[in-house]
Each structure stands twice: as C-alpha cells, then as structure tokens.
Amino acid sequence: MLVDRPRLAGVAVPRPNQRNHAGNEEEDVKRKIERGLQPRRFGDRSRSERAAHFDFSNGRVTFSANTPAAPIEPGAQDRLSVFLQLASLLAAAPERYPTGTQIAMTTVSARAADVWTFTVEGEQTLDLPVGTMRTMQLQRLPRRDYDQKAQVWLAPELGYLPARISREVL
C-alpha cells in the first residue's frame, strides 16, 4: 500500500501507453487494493496487440495469444506495475529491505507468468536532468536466454517513486 496516498480501492487506474526497449507500446490497467496494486489487464503492441487478463477471484491469468492460462496469487504484477509495487513496499517499510535483500514477485507479460526476483543493490546517486538524486537500486537478473534484465532506482526523497527504470533482453 502506498504511504500518505488516497485510497483508490475498486477504481480502475488507466496507465498511459509506454514504449518498451523494442519500441513496442505497452499499457496496463490496474486498481489499487488495500494490499497494493492489482493489475486487471496488460497489453503489448508490436505488430498486433497481445494481452494478459488478470482474474484474481479465480487465481489465474489468461492470455490472448493462445497461451494456456497460468495460476497467479494475490500480489502478482505485470511488467510495468511491478516497479510501482516495489516502490510501495520500500516506502511502507524501508528498514525491511537492507542491501542484499531479495524480493520475489510473480510478474506477468502478455504471454506468460514468471517469478521475478529483485535484489536490493544499495544506495546509488544518479545525475538526472532535474539534478543529483540519492536512490536505492534494485535489480532483476535474467534466468535464461532471451530473458529480461530489469533495474529500478527508487528515490526516498520522492516517496520511493522510481527515478529511473531500465529493462533489456539479454
């Protein structure tokens, strides 16, 4: 749950389209519940749109790309909302996440659900267009060929919102 933010339980929160590393457009629609964000739909557009549809009441996610449904549990995120959920966790209790801590979270793409494990790498100072900012870096390393490496730098001065996000396929 985000700290010092109004409750949005049951309200759909559309996210503007965002281009990923390959130039594809991604979007997600989610709602905030008491225990954090709860995605409802995740879409990925390259030549055609593929999407994942979250069904938390039945504990599964279905895919438009003829991929078999996958089981999910409360707390599962999509590839965009995972960064905001990590921010929420650190904002709520930063003392629980010292350097070296690993945070595992089911993360859903438009084709599959997988467990992403982020490691808290520690503090890092970034030089950004708005100035120098102290951040906490978290990193997810790929587990197989063509898997994503993901990094997020969370800014304590901004309530642990992401100051930078990086994703790349290795």
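The values are calculated or read from the model by the stated rules, or taken from the named source; none is laboratory data. Quantities reported herein were computed from a predicted structural model and do not represent experimental measurements. Here the Cβ is made from the backbone with ideal geometry for all residues, glycine too, and neighbour counts use every protein chain on show. Areas reflect the complete protein model, heavy atoms only, side chains present, ligands, DNA and RNA absent. Shrake-Rupley method; radii C 1.70, N 1.55, O 1.52, S 1.80 Å.
Each residue in segment 142-170 was checked for being of a type in the set (Asp, Glu) and in a strand (DSSP E or B), and 1 pass.
With the structure loaded, tell me whether Arg140 is of a type in the set (Lys, Arg), closer than 21 Å to Ser88 by Cα and either over 12 Å from the mean Cα position of the chain (by Cα) or open to solvent by 80 Å² or more (accessible area, probe 1.4 Å) (or both) or whether it fails that test.
On the way: of a type in the set (Lys, Arg): yes; closer than 21 Å to Ser88 by Cα: yes; either over 12 Å from the mean Cα position of the chain (by Cα) or open to solvent by 80 Å² or more (accessible area, probe 1.4 Å) (or both): no.
Spelling it out, it is not the case that Arg140 is of a type in the set (Lys, Arg), closer than 21 Å to Ser88 by Cα and either over 12 Å from the mean Cα position of the chain (by Cα) or open to solvent by 80 Å² or more (accessible area, probe 1.4 Å) (or both).
Please go through segment 115-170 and pick out each residue that is in contact (Cβ under 8 Å) with a residue 60 or more places away in the chain, touching a Ser or Thr at 6+ places or on another chain (Cβ under 7 Å) and of a type in the set (Val, Ile, Thr). Scanning segment 115-170 gives no hits. Taking interchain pairs and intrachain pairs at least six residues apart, which have beta carbon atoms under 9 angstrom, with the first residue in segment 49-61 and in contact (Cβ under 8 Å) with a residue 40 or more places away in the chain and the second open to solvent by 80 Å² or more (accessible area, probe 1.4 Å) and not in a strand (DSSP E or B)? Matching pairs, first to second residue: Arg50/Arg111; Ala52/Arg111.
For every residue, the table says whether it meets (1) modelled with pLDDT under 95; (2) over 26 Å from Phe54 (Cβ atoms).
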{"position": "Val82", "(1), (2)": "no, no"}
{"position": "Thr101", "(1), (2)": "no, yes"}
{"position": "Glu123", "(1), (2)": "no, yes"}
{"position": "Arg134", "(1), (2)": "no, yes"}
{"position": "Asp147", "(1), (2)": "yes, no"}
{"position": "Val152", "(1), (2)": "no, no"}
{"position": "Arg164", "(1), (2)": "no, yes"}
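Within segment 70-83, residues that are within 12 Å of Asp114 (Cβ to Cβ) have Cβ atoms under 6 Å from residues that are assigned to a helix (DSSP H, G or I) in these pairs: Gln77/Gln85, counting only partners at least 6 apart in sequence or on another chain. Here is the figure for segment 53-103: residues that are assigned to a helix (DSSP H, G or I) and either under 16 Å from the mean Cα position of the chain (by Cα) or under 18 Å from Arg40 (Cα atoms) (or both) total 11.
Could you list, in sequence order, the residues of segment 91-120 that are closer than 24 Å to Pro156 by Cα and of a type in the set (Gly, Ala, Ser)? If the condition is that a residue be closer than 24 Å to Pro156 by Cα and of a type in the set (Gly, Ala, Ser), then Ala91, Ala92, Ala93, Gly100, Ala104 are the ones that fit.
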